[in-house]
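Notes to accompany the following structure.
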Amino acid sequence: MSSRRSSRITDEEISELISKLQSLLPESRRRSMSRASAAKLLKETCSYIKSLHREVDDLSDRLSDLMSSMDSGSPQADIIRSILRS
Amino acid sequence: MDSKGSACSNPNPNPTFGPSKLMLAFRFLRALSIVHRTTPASSPTCRGRRIERAAYASMAYSAGTSRAWSRAVLRRLHHRARRRAVAPRRLSTTAGNRAEALRRLVPGGAGMDYCTLLEETADYTKCLSMQVELMQGIVDSASSNGR
């Protein structure tokens, strides 16, 4: 934050970017954020990103499980196969 | 405000953040099919991790190289570092450094100025949520049929 660039960026631009981040939060997280400070919004964004990382992790495992069921020839297999082929 | 590389005057003509959902879906499904072909069925855990890498890779490729976070993700994936992540520096968490937690979460965040960090966070968050939506959609459609 000590670069020359930072000093030429206005508070307005920063708060615009922060409110953009607020708009990206899902509805459930946004409710308590209407009058939140920038620091609180950043904290909530961190929490949201962490939960998204966990979801990617979890969904990756579930997709792997689906691939397994695909290998064993279940009814879901045809659906997945058609998705993967397209 | 118009210094070289300033994020706040990013000449990106596209006002919306994030790549198109279709491109993301295309890339990810293609990667999934490759994982399926190349990973033995006997190693589901390994396959899960490969799927996860495919998720981040397709996110980053869809975002392109114009974003610092996607460049950082692609660098990390191509180098295939053995360690899970670059060890974060121990940063103080005084009030003025609140963004440090964010810097650890957003790829490439450590070296950015505050303004760039906020922009990159917005784009990264948007892409991440699209990727999650996509993966959830695939799981849902595959699970709801044939039950």
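A few points about this structure:
- Filtered by the rule that a residue be more than 10 Å from chain A (Cβ to nearest Cβ) and either under 23 Å from B:R103 (Cβ atoms) or not small (G, A, S) (or both), segment B:41-61 gives B:A57, B:A60, B:Y61.
- Residues that are open to solvent by 10 Å² or more (accessible area, probe 1.4 Å) and hydroxyl-bearing (S, T, Y) within segment B:106-138 comprise B:Y114, B:T116, B:S129, listed in sequence order.
- In segment B:126-137, residue nearest to the chain's Cα centre (by Cα) [restricted to those that are facing chain A (nearest Cβ under 7 Å) and touching a residue at least 60 places away in the same chain (Cβ under 8 Å)]: B:L128
- Residues that are out of contact with any Ser or Thr (no Cβ under 6 Å at 6 or more places or on another chain) and facing another protein chain (nearest Cβ under 9 Å) within segment A:24-48 comprise A:L25, A:P26, A:A38, A:A39, A:L42, A:K43, A:T45, A:C46, A:Y48, listed in sequence order.
- When the residues of segment A:45-59 are filtered to those that are open to solvent by 40 Å² or more (accessible area, probe 1.4 Å) and in contact with a helix residue (DSSP H, G or I) (Cβ under 8 Å, 6 or more places away or on another chain), the one that is farthest from B:E133 (Cα to Cα) is A:S47.
The values are calculated or read from the model by the stated rules, or taken from the named source; none is laboratory data. Values in this document were obtained by computation on a predicted structure and should not be read as measured data. When we count neighbours, we look across all protein chains shown, and the Cβ atoms used for this are built from the backbone with ideal geometry, even at glycine. Areas reflect the complete protein model, heavy atoms only, side chains present, ligands, DNA and RNA absent. Shrake-Rupley method; radii C 1.70, N 1.55, O 1.52, S 1.80 Å.
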